[in-house]
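Structure, as structure tokens:
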Amino acid sequence: MLIQGFSWVMFLLSVGLLVFSGFALIDAAIRREDAYRAADKQTKPFWLIVLGLSFLVNVANLTLASMWFLLIIGLVATIVYMVDVRPALRGLSGGGGWGRRRGSSSDGPYGPWNGGR
């Protein structure tokens with residue numbers, strides 16, 4: 001009973017890693033090539049290869065549970081992309097988040113509100 005519970009937790013962890021690396025791969029693919037150079041990070045093909053390999057290792061881990069060393073390397077690469085490269089790229093492109101307000105909190109639908117001045 002305990003072993004089945006542990007294997008279920010490991011399976012959920014593997015699926016979580018797969019989703020995390022897939023999100024990072026898709027995010028890296030939709031960013032512009034020149035943004036990587038402007039942010040002084042590695043090139044876009046470099047990150048696509050690294051994150052693609054990480055995703056493939058995570059896919060293979062769902063069937064073969066013996067690649068923990070490669071999983072850890074892929075997880076580190078994905079974390080580096082998500083906490084270092086992605087914020088730098090988003091800062092250059094102006095954010096682009098869903099639901100994010102642009103401009104001042106006093107901006108109206110037709111531009112900034114100046115209080116009748």
### Query
Among 37, 31, what's the order by accessible area (1.4 angstrom probe), most exposed first?
37, 31
### Summary
Low-density loop chymotrypsin sites (Phe, Trp or Tyr not before Pro), segment 60-92, at most 13 other Cβ within 10 Å, DSSP non-H/G/I/E/B, are none
### Query
Does anything in segment 51-92 have its amide N under 13 Å from the 7 Å Cα→Cβ label point of residue 30, and if so which residues?
90
### In Å², nearest 10: area of residue 49 left accessible to a 1.4 Å probe
110 Å²
### Message
Can you give the FRET efficiency to the nearest 0.05 for residue 37 and residue 12, using r as the Cβ-Cβ distance and R₀ = 30 Å?
### Response
0.20
### Query
residue 92 accessible area, nearest 10 Å², 1.4 Å probe?
100 Å²
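The values are calculated or read from the model by the stated rules, or taken from the named source; none is laboratory data. This is a predicted model, so every value here is computed, not measured. When we count neighbours, we look across all protein chains shown, and the Cβ atoms used for this are built from the backbone with ideal geometry, even at glycine. Side chains included, ligands, DNA and RNA excluded: accessible areas come from the protein's heavy atoms. Shrake-Rupley method; radii C 1.70, N 1.55, O 1.52, S 1.80 Å.
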